Amino acid sequence: MRAYVPSYQLISPASLSEALEVLLQDNATWKPFAGGTDLMVLLEAGKLQHKNYINIWNLKELRGIDVSAEQVTLGALTTYTEVQDHEVLRQEFPMLCQAAKETGGIAIQNRGTIGGNIVNASPAADSPPALLAYDAELELVSKTGSRRVRYSNFHSGYKQMDIRPDELLRTIRLPRTRSDRKHYYRKVGTRKAQAISKVCFAAVGDVTNGRMESVRISLGSVAPIPLRCTKTEAVINDRPLNADTIAAAKIALAQEIVPIDDLRSTRNYRSRVAVNLLEDFLSELEDRR
Ligand SMILES: Cc1cc2nc3c(=O)[nH]c(=O)nc-3n(C[C@H](O)[C@H](O)[C@H](O)COP(=O)(O)OP(=O)(O)OC[C@H]3O[C@@H](n4cnc5c(N)ncnc54)[C@H](O)[C@@H]3O)c2cc1C
């Protein structure tokens with residue numbers, strides 16, 4: 001059933017400071033409203049639980065993409081279109097650009113934000129696997145200050161994460177490293193476009209003198225949270241790239257992921273596709289030797 005719109009409140013603070021002040025009021029009942037592409041779906045379905053919303057779309061403190069020698073810092077309100085248009089992101093973080101390109105249609109890409117994708121915390125979201133593989137760090141702000149959280153430590157359970165009701169996600173930082181690594185991103189869905197992932201796979205890494213190094217692997221839609229697969233990485237890193245290592249890595253990944261049966265796919269299909277994508281990534285890594 002559709003929601004009764006007048007029962008909701010939406011206010012538009014003029015500054016970040018004002019927004020953070022509001023988040024402290026009324027027993028933390030105010031929620032951020034960014035692009036609204038997740039929240040409006042809930043509103044239409046009559047499932048939007050909270051009644052009080054803060055429109056953060058106009059806060060310039062949460063916008064912009066800043067490039068320094070060590071990192072690229074994205075404001076939480078960075079849209080998928082802005083990600084795809086950014087030259088440094090295209091050069092050095094192509095998996096994030098590919099995730100942005102494969103997210104929804106053009107209207108969603110113009111309005112949906114990376115910050116909203118992170119805090120909405122869907123295990124099937126498409127940018128989190130890329131952000132995990134790039135070892136992103138989040139900056140959270142509140143009236144009392146700011147703190148940084150490694151993205152790999154942010155999600156703790158289904159829709160549970162390390163953010164307080166009085167905090168906003170302000171920035172996402174991506175450490176810059178060599179851009180000539182192998183970047184491998186695959187979104188597997190029912191269709192090529194406008195589909196929710198059955199499996200999403202993101203991995204970076206390199207091979208030097210026959211040994212794999214700096215390999216980071218992350219998946220979506222195979223666990224209650226976007227999953228960084230550190231156990232599988234441990235089987236791969238600093239090991240020779242050969243048939244034995246590939247076989248061991250496939251076993252490790254199958255044990256590390258916890259896919260489920262749901263309306264989009266099955267546990268078996270997800271497990272098989274995830275392992276096949278790992279093998280494909282490693283074989284493309286082998287081609288670089
Ligand atoms: C038709 C359609 C297709 C879609 N396709 C895809 C897809 O292919 N892949 C995919 O991953 N997603 C998809 N989505 C989901 C959605 O577009 C994304 O998750 C988007 O990134 C959400 O961003 P937003 O700014 O619109 O978030 P909002 O809807 O504004 O907010 C989402 C949640 O995040 C919180 N939030 C937002 N910003 C902040 C912040 N800075 N600090 C703290 N909390 C914050 C909000 O309170 C809310 O809980 C689709 C949605 C639609 C409607």
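Here CYS97 passes the criteria (1) away from the ligand (no atom under 13 Å from the Cβ); (2) open to solvent by less than 30 Å² (accessible area, probe 1.4 Å); (3) in contact (Cβ under 8 Å) with a residue 60 or more places away in the chain except the one numbered (3). Scanning segment 102-126 for residues that are part of a helix (DSSP H, G or I), within 16 Å of PHE154 (Cα to Cα) and within 6 Å of the ligand (Cβ to nearest atom) gives GLY115, GLY116, ASN117, VAL119, ASN120. Residues in segment 80-94 that are assigned to a helix (DSSP H, G or I), free of Cβ contacts under 8 Å to residues at least 24 places away in the same chain and crowded, with 18+ Cβ neighbours inside 10 Å: GLU82 only. Show the residue pairs meeting these rules: Cβ distance below 9 Å; 6+ apart or different chains; first residue within segment 50-67 and under 15 Å from VAL141 (Cβ atoms); second residue of a type in the set (Lys, Arg) and within 9 Å of the ligand (Cβ to nearest atom). So the pair list comes out as ILE54/LYS31; GLU61/ARG170; LEU62/ARG170.
Can you confirm whether segment 201-219 contains a residue that is of a type outside the set (Gly, Ala, Ser), open to solvent by 10 Å² or more (accessible area, probe 1.4 Å) and in contact with a His (Cβ under 9 Å, 6 or more places away or on another chain)? No, there is no match, as no residue in segment 201-219 is of a type outside the set (Gly, Ala, Ser), open to solvent by 10 Å² or more (accessible area, probe 1.4 Å) and in contact with a His (Cβ under 9 Å, 6 or more places away or on another chain). From the list LEU20, LEU77, LEU43, LEU48, the one residue that fits, being within 12 Å of the ligand (Cβ to nearest atom), assigned to a loop (DSSP other than H, G, I, E, B), over 28 Å from VAL204 (Cβ atoms) and open to solvent by less than 70 Å² (accessible area, probe 1.4 Å), is LEU48. Scanning segment 134-146 for residues that are part of a loop (DSSP other than H, G, I, E, B) and among the hydroxyl-bearing types (Ser, Thr, Tyr), we see that the one that is modelled with the highest pLDDT is TYR134.
Okay, residues lined up against (1) within 23 Å of the chain's Cα centre (by Cα); (2) on the phi > 0 side of the Ramachandran plot; (3) assigned to a loop (DSSP other than H, G, I, E, B); (4) in contact (Cβ under 8 Å) with a residue 24 or more places away in the chain:
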position	(1), (2), (3), (4)
LYS231	yes, no, no, yes
VAL235	no, no, no, no
ILE246	no, no, no, yes
LEU253	yes, no, no, yes
ARG264	yes, no, yes, yes
VAL275	yes, no, no, yes
ARG288	no, no, yes, yes
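Every condition in (1) without any contact (Cβ under 8 Å) to a residue 60 or more places away in the chain; (2) surrounded by fewer than 22 Cβ atoms within 10 Å (Cβ to Cβ); (3) part of a helix (DSSP H, G or I) holds for VAL149 except the one numbered (3). Candidates are the residues of segment 23-40 that are within 23 Å of ILE114 (Cα to Cα) and of a type in the set (D, E, K, R); the one that is surrounded by the fewest Cβ atoms within 10 Å (Cβ to Cβ) is LYS31.
The values are calculated or read from the model by the stated rules, or taken from the named source; none is laboratory data. What you are looking at is a predicted structure, and each value in this text was computed from that prediction instead of being measured. Heads up, the Cβs are rebuilt from the backbone with ideal geometry, glycines too, and the neighbour counts pull from every protein chain shown. Just the protein is used for accessible areas: all its heavy atoms, side chains included, with ligands, DNA and RNA removed. Shrake-Rupley method; radii C 1.70, N 1.55, O 1.52, S 1.80 Å.
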